[in-house]
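Comments concern the structure below.
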Amino acid sequence: MAEKNSPEVHPRKITTRSLTQMKRAGQRITALTAYDHTMAGLLDQAGIDVILVGDSAAMVVQGLNTTLCITMEQMLLHAAWVSGAVDRALVVGDLPFMSYQVNPDEGLRNAGRMVKESGVEAVKLEGGEKICRTVERIVDVGIPVMGHLGLTPQSIHKFGTYQVRATEKVEADEVRRDARALCDAGAFAIVIEKVPAQLATEIAKEVEVPIIGIGAGAGCDGQILVSHDMLGLYTKFHPRFVRRYANLGDQMLDAFTRYSSDVRSGDFPSEDESY
Ligand code: KIV
């Protein structure tokens, strides 16, 4: 018999509707990021439910210090590479900084580009009440929207730090209101990043849509991590919410070093590896 949280429970294509059903059934949702075809194919094979083409690509792929400089064109490329590799998971594309903040028309146009030009099935936007008009416009044309609250990396210069958010009542109440507003605007799920576990748990109980936590404790309806963080490929920061499932950075360094030494010593290629 399939285990409750195994992919066999939802063997078919994951849709926004499946995620709502999973929340109702108390089945936790798994989500990770991908930026290219190879990684996305592996996540899909592993039965990950949601693959986010995150603007974290700016940091973990491009080596920038924030997510702010990645462009719409670059996100479209990453999203197309990922979409082409995925059969089962729901693929969500992040709208980059300043692609939706100016006005709802621009947000709608860029959400449309993300779906039409890259093949993603939903888009993600950061922010609450202030972007709800944009969320409504996007949802109205049939594009599912995932929200993102708590630590929103596109506002890093306003926050000034990547520390935990909403530890004080005023900000906690604001996150609660934003979550409610996003639901009312038609968002199908909300990522909540780096807030106290109790707040995220309460919000997950208060709203109908799945709450996907990152550094927001075990009471969320699902969890997301940046793949490069959990694989030990991106090691500039190690926040305590990141569990390392592999140390691929160390393994790759070892492989590259051994290859280099084998080429230099003449050990590679051998006769078997030659024609
Ligand atoms: O860009 C990203 O990877 C994200 C996750 C941290 C949720 O938004």
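How about region 23-132: which trypsin sites (Lys or Arg not before Pro) there lie in a loop by DSSP and see at most 13 other Cβ atoms within 10 Å?
none
To one decimal place, what Kirkwood hydrodynamic radius in Å is obtained for region 70-167 from all pairs of distinct Cα atoms?
14.0 Å
What distance in nm separates the two pseudo spin-label positions at Ser274 and His157, each 7 Å out from Cα along the beta-carbon direction?
Output for this residue pair reads 5.7 nm.
Which ordering of Ser227, Ser83, Ser99, Ser260 is given by a fewest-first count of other beta-carbon atoms within 10 Å?
With the sparsest Cβ surroundings first, the list reads Ser260, Ser83, Ser99, Ser227.
Which of the chymotrypsin sites (Phe, Trp or Tyr not before Pro) found in region 202-249 are in a DSSP loop and have at most 15 neighbouring Cβ atoms, other than their own, within 10 Å?
Counting only loop positions with at most 15 other Cβ atoms within 10 Å, the chymotrypsin sites (Phe, Trp or Tyr not before Pro) in region 202-249 are Phe237, Tyr245.
Net charge around Cys183, counting only other residues with Cβ within less than 14 Å of its Cβ (Lys, Arg = +1; Asp, Glu = -1)?
-2
How large, in Å, is region 7-267 by the Kirkwood hydrodynamic radius built from its alpha-carbon pairs?
18.7 Å
What ³J(HN,Hα) values, in whole Hz, does the Karplus curve 6.51 cos²θ - 1.76 cosθ + 1.60 give for region 86-101 when θ = phi - 60°, with x put for Gly and Pro?
Running phi through 6.51 cos²θ - 1.76 cosθ + 1.60 with θ = phi - 60° gives 10, 9, 9, 5, 7, 9, 10, x, 6, 7, x, 3, 6, 9, 9, 7 Hz.
If you take the square roots of the eigenvalues of the alpha-carbon gyration tensor of region 145-275 and sort them as a ≥ b ≥ c, do you get rounded (a/c under 1.5), prolate (a/b over b/c) or oblate?
Since a/c reaches 1.5 and a/b is larger than b/c, the shape of region 145-275 is classed as prolate.
Lys and Arg at +1, Asp and Glu at -1: add these up for the other residues within a Cβ distance under 12 Å of Arg258 and post the number.
Summing Lys and Arg as +1 and Asp and Glu as -1 gives -2.
Grab the other residues whose beta carbon is less than 13 angstrom from that of Gln198, score K and R as +1, D and E as -1, and report the net.
Surrounding charge for Gln198 is +1.
Read the figures in this text as sums done on the coordinates, not as results from a lab. Given the structure is predicted, the values throughout are model-derived calculations rather than measurements. Glycine also receives a Cβ, built like all others from the backbone with ideal geometry; neighbour counts cover every protein chain displayed.
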